[in-house]
Amino acid sequence: MTRNRSLDQHNSVPTPLRTASRASWVGKLQLGPVVVPVKAYTAIATSQDARLHQLHTDCGQRIEYHKCCPQHGHVPQDQIVKGYSYAPDLCVEFSAEELARLSPDDNKTLVLERFLVQGQLDLALLAGRSLYLAPAHGTAGRPFALIVAALQAKKKWALGRVVFSGHRQLVVVYPADGTLILHTLHCPKQRRGPVFIDSGHSKPNRSEVRALGVRVDAASGPIAWSDYADDSADQLQKLVESKMAAETKRKATPIDGKSKRTAPRRRTTKKATRKARSSGRKAAA
């Protein structure tokens, strides 16, 4: 099979790559009479940042958020519905059944409907979710390879629609490295127009364009993607470890020949917290 040079000749991602351990979607891929059972795997790994929480600085307790009504206070989940405000202090409510009827029928099929060349796709429509498509099992390998080969032979990308998480999603699918990559797209009508500002200056002359073009040529060529790694997660992890080490050292530092011991921060349960609040209200009454 011929590889699409416009996709990966100078911009190939570094190898080896970690693969997803399990599929995020299972369904069927259809191109004309060819229907293939497929699985979709996330193409982008989620960030492994250390998770930070909001704490009360005096006692170290986690900050909690409760669903409250301004008039009646805490509201249990079974008394919460969705609604739409159409005027100040006026709204209409919707039941879960009413909203469920609006969800599109999900037959778990991704139909490739239209085909385009790479340059026809407006990159501003890319919605940020990328998936690898793969045959669901061994016997699906040949028809899957047929779809890949057909798209490569015609040098085309495919436009299709599929239901993800109860919403009909516009997607583009294209061949790369012997498989298919799927990108979710925004609806074209969501795209905003560009902003133009009249600066009142004259257009750049040819010599200026030529001089800047030299800089572009000098920085063109193969890309070392490792130079663009985001190390913010590593930096945060180092900060967490240094704070933990400093806290451990502080607690173990001897004072007058004795180890300094700090009382552990007491973690109160939600039940105890509610009981304390109730006692406080009764005392105030």
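Values computed for the structure shown
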quantity: Leu126 in the same structural domain as Lys156 (by TED's automatic domain parsing), in contact with a Phe, Trp or Tyr (Cβ under 9 Å, 6 or more places away or on another chain) and either basic (Lys, Arg) or surrounded by 12 or more Cβ atoms within 10 Å (Cβ to Cβ) (or both); calculated: no
quantity: Residue within the range 185-206 that is surrounded by 11 or more Cβ atoms within 10 Å (Cβ to Cβ), under 19 Å from Val38 (Cβ atoms), of a type in the set (A, V, I, L, M, F, W, C) and at pLDDT 90 or above present; calculated: yes
quantity: Residue list for the range 89-144, restricted to those being farther than 24 Å from Gly32 by Cα, among the polar types (S, T, N, Q) and under 28 Å from the mean Cα position of the chain (by Cα); calculated: Ser103
quantity: Criterion: at pLDDT below 95, among the aliphatic types (A, V, I, L, M) and over 24 Å from Arg22 (Cα atoms) - qualifying residue of Leu121, Leu159; calculated: Leu121
quantity: Condition met for Ile181 (buried (at least 16 other Cβ atoms within 10 Å of the Cβ), under 25 Å from the mean Cα position of the chain (by Cα), among the aliphatic types (A, V, I, L, M) and farther than 30 Å from Leu99 by Cα); calculated: yes
quantity: Any chance Thr139 is β-branched (Val, Ile, Thr) and either assigned to a loop (DSSP other than H, G, I, E, B) or more than 15 Å from Trp25 (Cβ to Cβ) (or both); calculated: yes
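This table checks each residue for (1) assigned to a helix (DSSP H, G or I); (2) touching a residue at least 12 places away in the same chain (Cβ under 8 Å); (3) of a type in the set (Gly, Ala, Ser).
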position: Leu131; (1), (2), (3): no, yes, no
position: Gly160; (1), (2), (3): no, yes, yes
position: Leu170; (1), (2), (3): no, yes, no
position: Pro175; (1), (2), (3): no, yes, no
position: Ser199; (1), (2), (3): no, no, yes
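The values are calculated or read from the model by the stated rules, or taken from the named source; none is laboratory data. None of these values were measured; they are calculated from a predicted model. Quick reminder, even Gly has a Cβ in these numbers, built from the backbone with ideal geometry, and neighbours come from all protein chains shown.
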